[in-house]
Amino acid sequence: MVRQEPGALVAEVERLLDEIERLDDPGREKATATVQALLELYGAGLERIVEEISARDDGELAAALTDDELVSHLLLLHGLHPVRLEDRVLAALQEVRPYLESHGGNVELLAVGDSSVRLRLSGSCHGCPSSTITLKLAIENAIRKSAPEIEEVIAGGQPEEPAGSGLLQIEVANGIRSDSLAVEGAWTMVGSLRELWGGGTARKEVGGQPILFAAVAERFYGYRSRCPSCGSALEDATLDGIELTCGECGQRYDVLRAGRCLDVPDRHLEPVPLLVGEDGLVKIALPVAA
């Protein structure tokens, strides 16, 4: 038997529940009652398992189970998750913080509600639209994994800004985002980028779009392969430390700071949201093709 991925299983359950909702009575009532009874049965069993683990375990097994995305979802469904919501959100932000710092930014948790989180973005990530969407997607991905009951994340700027200025909202449920910066909803797998393990750059076609990947200090960065100064495809771009130089016009860009131009400050490359999984595989959220 081939096991489905957790996301595929959730989608299949939602599809079947939707079909049940469209059934005529009394079939719908019987099917709904059956599903409810099964949920209560498995919920009671999970509750006993959690109680036994809590009584016998020193925390290591419980942590391993709650780190599993599918198990974590089931525990949340039955109100049995042993880790507080705020602690899970903090852990998610801690997980993604090195990635934010590599782009010259940081994030601070301001408040956690029953279904929402309020954050403050700071550093060079704030104020640069393309950099902001990159970091927002990284934050969204981390929070969704650790705290799927969170339905919206509201990220504001630095405290000295006027109230309400620059607020950016992410709709986390079902991957829908309400901000005006358009990206495609699905993450696209790129692979291990083995050719960059020693550093350097590589230009690859991903989903039909040319993407320039760079590796600096064992971290990967992704940008749309287009120079904002001359419009060239960056095929001959060279990387020296953190400086990416366009082979056509010679303009230099800081790959660690969201691709900001070192020669003309109001120009920057277009970052592509990029995450590296625990398996070392890289995935990106493709920008909408112009």
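The values are calculated or read from the model by the stated rules, or taken from the named source; none is laboratory data. All values derive from a computational prediction rather than experimental measurement. Here the Cβ positions follow ideal geometry from the backbone for every residue, glycine too, while neighbour counts run over all protein chains shown.
See the values below:
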{"item": "Qualifying positions in segment 206-245 - free of Cβ contacts under 8 Å to residues at least 12 places away in the same chain and among the polar types (S, T, N, Q)", "result": "T245"}
{"item": "Residue satisfying all of: in segment 1-45; among the charged types (D, E, K, R), surrounded by 10 or more Cβ atoms within 10 Å (Cβ to Cβ) and at pLDDT below 80; nearest to S72 (Cα to Cα) among these", "result": "E5"}
{"item": "Residue among L212, L286, L275 that alone is in contact with a helix residue (DSSP H, G or I) (Cβ under 7 Å, 6 or more places away or on another chain), crowded, with 16+ Cβ neighbours inside 10 Å and within 16 Å of G191 (Cα to Cα)", "result": "L275"}
{"item": "Flag if R260 is in contact with a His (Cβ under 6 Å, 6 or more places away or on another chain), within 25 Å of L100 (Cβ to Cβ) and not assigned by TED's automatic domain parsing to the domain that holds L135", "result": "yes"}
{"item": "Filtered residues of segment 202-233 (kept if at pLDDT 90 or above and on the phi > 0 side of the Ramachandran plot)", "result": "G231"}
{"item": "Segment 178-197, residues that are loosely packed, with under 12 Cβ neighbours inside 10 Å and either modelled with pLDDT under 85 or closer than 20 Å to A233 by Cα (or both)", "result": "S178, S180, A182, G185, A186"}
